[in-house]
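Below is one structure, written out as structure tokens; comments come after it.
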Amino acid sequence: MSRRKNLNSDDIQQFFEIPSGSEDDLELSDEDSDEDLIRIQDLVLNEVETCPEVLQDDFFDENVSIPSPRSSSSMLVIQPTSSSSNTANVASQPSTSRQVNPRSSRVASRPQAVPTPRIISPSPQPVRPARPKPKREYIWRKMDFQPPDTTFTGIDVLEQPYTTFETPLQYFLHFFDDDLLDHIAEESTKYSIQKDCSKPVLVTKTELKNYLGICLLLGLEPQPNIRMLWNSILGIPLIIETMTLGNFEKLRSVIHFNDNINYKPRGEPGHDRLFRIRPLLETLRKKCQAVPKRETLSVDEQMCATKACNFLRQYLPNKPHKWGYKLLVLCDDKGFAYDFEIYSGAENDPELRLPDECDLVASSNIVVRLCRSVPRNQNYKIFFDNYYTSPELISYLAKKGIHTLGTVNKGRMGMTLKMPSQKELTAAKRPRGYSEGWVATVDAVPVSAVLWLDSKSVVLASSFVGEQPKYKVKRFCKKRKQYTEVNAPNIIGHYNRHMGGVDLLDSFIGKHKIKMRRRKWYMRKFYHLLDVMLINSWLLKRQVETQRENTKMMKLREFRLEVAKALCWCGPSIIKKRGRPSSFVSDILDERIKRKPKLNVPPKDVRTDGMEHFPIWSNIRKRCKLPACKGKSFVICKKCNQALCLNKDKNCFLSFHK
């Protein structure tokens, strides 16, 4: 190894030599300091080039930074370790702008050689721009809120094509249309080839419809094991006749929604955590966004229950199902989902914002994205809880002509709002039903804040309603053990009437939910979206029937059964004929079904699909199922399994299938 070269005392003396024309404790001029720093760099760098092993020297614990020769304020810092044999007499040197910080105050009797300090270039640290926090310096005044004109001017009446639907299957196929089913069938076939090219599975649209029908039936009759549905004793005959267990398992193993070739791994630009289900998600969102919206909407969280180990799984302790995939849903007060997005951890990504959207906090940005499909300046009302509410969000949406209301945390309203705490209200002995109201102007928009004392205090903020007028609500008094009437502000009544849309949707899903365990995480989301679209179809049919002033509504269980039967029996598509068909046969059959629920009559979609309705001969003569026909026949339909007259005098077979 080469001999280590150390700096002698003369070199050290040159480092601390005061340039001419400068004074102690004063900043050096640019010209003198530059020449001095250039000389220091040349001396140190020459030592490093001739003796590179000095970089490995552990004599010094601190780094020595070599400043730029053009910087007059830069300082050379030398910090040697405390060693009895290697110290430098630097205490007696005059004070300069360069700092010498020895760890030991002991001075050697004679000057010792100082080893060459090691030089480590500092690595550049990325500077992340600091995100400016919102300045909530609003002036809150304790006064009555003057509500603006909130007359609803939007269109919430359903028109074509929704009013042309007649059967439950047509409402359901509006969301799962032929284009979406063709895409799923194509991607599933492609995935089966990528999985095992020696055993490809050709998935057709008809098989995919049958698969969806079996999934919907599974929500009506859940089984601990999926194979029990094909059991000869406990199984469902409709499922057994629709598809074999082997074909069902094969189709379930290859069902796919996106091409894996286009997948970008983690860390690369354009990576999407929801890539495998993205086409299905976006298609269903566009279908739901196109439906005319009601006046009152709400934004809340929804859980797709699962305990699978996945990076998208969330834990919400206040939900009935605490573990699962979190969805952020925009609903009306009837439970219809107009828009939704799956939480993936990238909700505050700047790329998700449009150019005309401002950057609010992460939770408020979610509401802004979900409200993109809400028409502007038509006085829609949106309700949410304290996770989303902020004065900036209320002001931003109010400028777009969308009024908002929600519970809010006191800390988000600013320090100028002197709102009493729960302890102060208890100490002042405020009665139950006590309320206070404040008003502030947030970016030229009046915002009201109301405190109401129930069993605990709650704070709400809005842009269209305030504290007045008050009304009476019933609350149970534990001391008297009876219900009493207490005062409540007007903002409480609006919030309680219109906030529970997402919770209502959760209750509908919980009644008949698809319970089918799969190892693929995106399949659990697919079954959840299938349940949501079925409920949307049912609510859409109820709204159309209400517009037609029909008081007889179909229940959710009956609607689900009709859609499942039609998907299991009908052909690939429904043949639409010109003109309005005669409703004489359908009306009488519907009345028979209502009078005799056990009558196994196929739905209208199955009777009129024109697929595989073949007459066959039976050994038993049965009553003809065509209404207003009292004859008997040996001919039955192979697909419908109904006896129908077919002879030279009558052709009930043709009339039944028109």
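Structure data summary
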{"item": "Which listed residue is open to solvent by 40 Å² or more (accessible area, probe 1.4 Å) and under 15 Å from Phe384 (Cβ atoms), from Asp339, Asp333, Asp349", "result": "Asp333"}
{"item": "Whichever residue in segment 221-234 is without any contact (Cβ under 8 Å) to a residue 60 or more places away in the chain, within 37 Å of the chain's Cα centre (by Cα) and in a loop (DSSP other than H, G, I, E, B) and, among such residues, is surrounded by the fewest Cβ atoms within 10 Å (Cβ to Cβ)", "result": "Pro224"}
{"item": "Members of segment 332-358 that are touching a residue at least 60 places away in the same chain (Cβ under 8 Å), out of contact with any strand residue (DSSP E or B) (no Cβ under 9 Å at 6 or more places or on another chain) and not hydrophobic (A, V, I, L, M, F, W, C)", "result": "Lys334, Gly335, Ser344, Gly345"}
{"item": "Count of segment 639-652 residues which are modelled with pLDDT under 85 and within 15 Å of Val601 (Cα to Cα)", "result": "3"}
{"item": "Subset tally (residues that are under 21 Å from Gly411 (Cβ atoms), in contact (Cβ under 8 Å) with a residue 40 or more places away in the chain and surrounded by fewer than 16 Cβ atoms within 10 Å (Cβ to Cβ)) for segment 434-481", "result": "2"}
{"item": "Identity of the residue in segment 148-191, under 25 Å from Arg376 (Cβ atoms) and among the β-branched types (Val, Ile, Thr), that ends up most open to solvent (accessible area, probe 1.4 Å)", "result": "Ile155"}
{"item": "Test: residue in segment 393-411 that is open to solvent by 50 Å² or more (accessible area, probe 1.4 Å), farther than 23 Å from Phe152 by Cα and not in a loop (DSSP other than H, G, I, E, B)", "result": "yes"}
{"item": "Within segment 251-308, tally of residues that are of a type in the set (Ser, Thr, Tyr) and farther than 30 Å from Tyr495 by Cα", "result": "4"}
{"item": "Residue that is farthest from Asn536 (Cα to Cα), among those in segment 505-514 that are within 22 Å of the chain's Cα centre (by Cα) and in a loop (DSSP other than H, G, I, E, B)", "result": "Ile514"}
{"item": "Residue in segment 174-183 that is within 30 Å of the chain's Cα centre (by Cα), at pLDDT 90 or above, farther than 17 Å from Trp569 by Cβ and outside any helix (DSSP H, G or I) present", "result": "yes"}
{"item": "Of residues in segment 352-379 being of a type in the set (A, V, I, L, M) and not in a loop (DSSP other than H, G, I, E, B), the one most open to solvent (accessible area, probe 1.4 Å)", "result": "Leu352"}
{"item": "Selection count, segment 405-433, where residues are hydroxyl-bearing (Ser, Thr, Tyr) and free of Cβ contacts under 8 Å to residues at least 60 places away in the same chain", "result": "2"}
{"item": "Qualifying positions in segment 261-276 - without any contact (Cβ under 8 Å) to a residue 24 or more places away in the chain, more than 15 Å from Lys190 (Cβ to Cβ) and open to solvent by 80 Å² or more (accessible area, probe 1.4 Å)", "result": "Lys264, Arg266, Glu268, Pro269"}
{"item": "In segment 422-440, the residues that are within 22 Å of Tyr495 (Cα to Cα) and either polar (S, T, N, Q) or within 32 Å of the chain's Cα centre (by Cα) (or both)", "result": "Gln422, Ser435, Ala440"}
{"item": "Cβ pairs under 8 Å, 6+ apart, first in segment 633-658 and farther than 12 Å from Trp617 by Cα, second part of a helix (DSSP H, G or I) and of a type in the set (Val, Ile, Thr)", "result": "Lys639/Val606; Cys640/Val606; Ser655/Val585; Phe656/Val585; Lys658/Val585"}
{"item": "Residues located in segment 513-552, provided they are within 30 Å of Arg227 (Cα to Cα) and either basic (Lys, Arg) or open to solvent by 40 Å² or more (accessible area, probe 1.4 Å) (or both)", "result": "Lys513, Lys515, Arg517, Arg518, Arg519, Lys520, Trp521, Arg524, Lys525"}
{"item": "Residue in segment 604-627 that is modelled with the lowest pLDDT, counting only those that are open to solvent by 90 Å² or more (accessible area, probe 1.4 Å) and in a loop (DSSP other than H, G, I, E, B)", "result": "Glu612"}
{"item": "Qualifying residue in segment 318-325 (condition: buried (at least 17 other Cβ atoms within 10 Å of the Cβ) and assigned to a strand (DSSP E or B))", "result": "yes"}
{"item": "The lone exception for Asn310 - which of (1) open to solvent by 60 Å² or more (accessible area, probe 1.4 Å); (2) touching a residue at least 40 places away in the same chain (Cβ under 8 Å); (3) not β-branched (Val, Ile, Thr) it fails", "result": "(1)"}
{"item": "Residue list for segment 439-477, restricted to those being outside any loop (DSSP other than H, G, I, E, B) and charged (D, E, K, R)", "result": "Lys472, Lys474, Arg475"}
{"item": "Residue that is most open to solvent (accessible area, probe 1.4 Å) [pool: residues in segment 192-217 that are basic (Lys, Arg) and more than 29 Å from His512 (Cβ to Cβ)]", "result": "Lys199"}
{"item": "Residue match in segment 243-260 (condition: surrounded by fewer than 20 Cβ atoms within 10 Å (Cβ to Cβ), modelled with pLDDT of 90 or more and closer than 30 Å to Tyr162 by Cβ)", "result": "no"}
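The values are calculated or read from the model by the stated rules, or taken from the named source; none is laboratory data. Computed from a predicted structure; not experimentally measured. Virtual Cβ from ideal backbone geometry, glycine too; neighbours counted across all protein chains shown. Heads up: the accessible areas ignore ligands, DNA and RNA and are worked out on the full protein's heavy atoms, side chains in. Shrake-Rupley method; radii C 1.70, N 1.55, O 1.52, S 1.80 Å.
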